[in-house]
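Peer 1: Dumping the structure here so I can ask a few things about it.
The values are calculated or read from the model by the stated rules, or taken from the named source; none is laboratory data. Just so you know, these numbers come straight off a predicted model, no measurement behind them. We place every Cβ from the backbone using ideal geometry, glycine too, and count neighbours over all the protein chains shown.
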DNA sequence: ACCTGAACACCGTTCAAGT
DNA sequence: ACCTGAACACCGTTCAAGT
């Protein structure tokens, strides 16, 4: 299945920050956060660990650069011209889908947000909040609430991805969790227990959007003027 | 300022899981996540690193147990008898204040939620959602949205705490961030730039509650029947 | 049963030496 | 200027040996 030695990440070209970051993203995708080490990365780049330090200051910058490389593409993808409620959904889905494709990104965003690309994301959210007609005094609160909700989901998805082996399918994971919840004491956990059934055919993406719509509805109801 | 060798964590008593976890919480509070090592912890407990493994299976369990110890007290504290909208605020503030007192907890919750104590938290949130009159088909979505928002804030707070030295005061941090945002290009970042001013006298706790109220308002507006 | 601490297999990072 | 890879100072974890 997994080849012992993946294809080399460069052929002849000199090392560069860009090549290192691209290789780091691939390594993270293949092996998860714990799989990204300077030694393994150097091996894939056919060099020694010290070479990486000429281009990147350390592990923190490496992880940050990998996150930024992935998120930058995801955010700029779908921001073209859409209007308030739908534009927020498109923006948020961009982040959601990027995390779905790169689970390690969820941890990074949840725990280390507002680096430059996420600042652009926050900016985009903020503009949409303005377009909804939210008063200046409340727009920061509204944009923050949206961002916090999105980052919360990011962390959850990352946690779920980390809790199971990378090959486990979504449905299998949900079935396991659902079964575990179904065995909770009904006197102590009436709510969670009754949620077990609904969990079995749970659609993460749809659920994410439904929650986002609740936050949007709250913003509209409390902060946006009636039309 | 900081004493070189803090007081020993036990005097005479035998080691136990409880004593180890208590010492781990104190070490995390004193030195942050990167300060918790088996060697340092063993030193504080006046023993060798191997001794800890007799009681705790590894670092993951140690971090999990420390989180549970702190969060368990915070959650059970204020759940007595309050009614829907206010009870959710009390529950959420319990988590918020626990993270404020123990910043490392924010990372743990954002990235590793729904361990037993957080499951109780989710259960409590869920019951309040029911008490609001949300239909069974929507109650999981509503409770999840509240939890995701709370966990998102948890991650943000942890990130902010980690971004600055432990002694930096809140106001100082906000002033720095505000100054940085004020220097953003007004054409590229009109929203974030205008938020810079408001950030200077920003009250985290009040802002957290305001965002929570937006999610609650969305739940009420969209999912709770009119009275 | 519980503890000890040396030893093992890793890390991230540095740096003299090379090209 | 850029790369190499051995070496350093750590980790988490294991385990033979003690009590």
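Peer 1: Can you tell me which residue among B:79, B:67, B:57 is modelled with pLDDT of 95 or more, surrounded by fewer than 18 Cβ atoms within 10 Å (Cβ to Cβ) and either away from DNA strand C (no atom under 16 Å from the Cβ) or outside any helix (DSSP H, G or I) (or both)? Step through it out loud before you land on a result.
Peer 2: Working: B:79 fails: modelled with pLDDT of 95 or more; B:67 fails: surrounded by fewer than 18 Cβ atoms within 10 Å (Cβ to Cβ).
The unique qualifying residue is B:57.
Peer 1: Consider only pairs whose beta carbons are under 8 Å apart and that are at least six residues apart or on different chains; among these, list those whose first residue lies in the stretch A:33-47 and is over 23 Å from residue A:165 (Cβ atoms) and whose second residue is more than 11 Å from DNA strand D (Cβ to nearest atom) and assigned to a helix (DSSP H, G or I).
Peer 2: A:38/A:59; A:45/A:23
Yes/no matrix, rows are residues, columns are (1) outside any helix (DSSP H, G or I); (2) more than 7 Å from chain B (Cβ to nearest Cβ); (3) buried (at least 24 other Cβ atoms within 10 Å of the Cβ); (4) free of Cβ contacts under 8 Å to residues at least 24 places away in the same chain:
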site: A:124; (1), (2), (3), (4): no, yes, no, no
site: A:138; (1), (2), (3), (4): no, yes, no, no
site: A:162; (1), (2), (3), (4): no, yes, no, no
site: A:165; (1), (2), (3), (4): yes, yes, no, yes
site: A:177; (1), (2), (3), (4): no, yes, no, yes
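Peer 1: Which residues, counting only those in the stretch B:33-92, are within 14 Å of another protein chain (Cβ to nearest Cβ), more than 15 Å from the chain's Cα centre (by Cα) and within 13 Å of DNA strand D (Cβ to nearest atom)?
Peer 2: B:34, B:58, B:59, B:60
Peer 1: Which members of the stretch B:20-43 meet the condition of being in a helix (DSSP H, G or I) and within 14 Å of DNA strand C (Cβ to nearest atom)?
Peer 2: The answer is B:20, B:21, B:23, B:34, B:38, B:39, B:40, B:41, B:42, B:43.
Peer 1: Then there is this: Within the stretch B:126-136, track down each residue that is more than 7 Å from chain A (Cβ to nearest Cβ) and either under 15 Å from residue A:198 (Cα atoms) or not in a helix (DSSP H, G or I) (or both).
Peer 2: B:132, B:133, B:134, B:135, B:136, listed by residue number.
Peer 1: Hey, another quick one. Scanning for something within 20 Å of residue A:119 (Cα to Cα) and at pLDDT 95 or above, does the stretch A:15-35 turn up at least one residue?
Peer 2: Checking the stretch A:15-35: not a single residue is within 20 Å of residue A:119 (Cα to Cα) and at pLDDT 95 or above.
Peer 1: State which residue is farthest from DNA strand C (Cβ to nearest atom) when the search covers only the stretch B:44-54 and only residues that are closer than 18 Å to residue B:13 by Cβ and part of a helix (DSSP H, G or I). Show your work before the answer.
Peer 2: Step one: list which residues in the stretch B:44-54 are closer than 18 Å to residue B:13 by Cβ, which gives B:44-48, B:51-52, B:54.
Add one more test, that the residue is part of a helix (DSSP H, G or I), and what stays is B:44, B:51-52.
Values: B:44: 12, B:51: 4, B:52: 8 Å.
By that ranking, first place goes to B:44.
Peer 1: Name the single residue, out of those in the stretch B:179-194 being at the interface with chain A (Cβ under 8 Å from one of its Cβ atoms) and part of a helix (DSSP H, G or I), that is modelled with the lowest pLDDT.
Peer 2: B:194
Peer 1: Related question: Can you name every residue in the stretch A:195-227 that is more than 9 Å from chain B (Cβ to nearest Cβ) and assigned to a helix (DSSP H, G or I)?
Peer 2: Matches in the stretch A:195-227: A:196, A:197, A:200, A:204, A:205, A:206, A:209.
Peer 1: Which is surrounded by 13 or more Cβ atoms within 10 Å (Cβ to Cβ), more than 30 Å from residue B:217 (Cβ to Cβ) and touching a helix residue (DSSP H, G or I) at 6+ places or on another chain (Cβ under 6 Å), of B:43, B:33?
Peer 2: B:33
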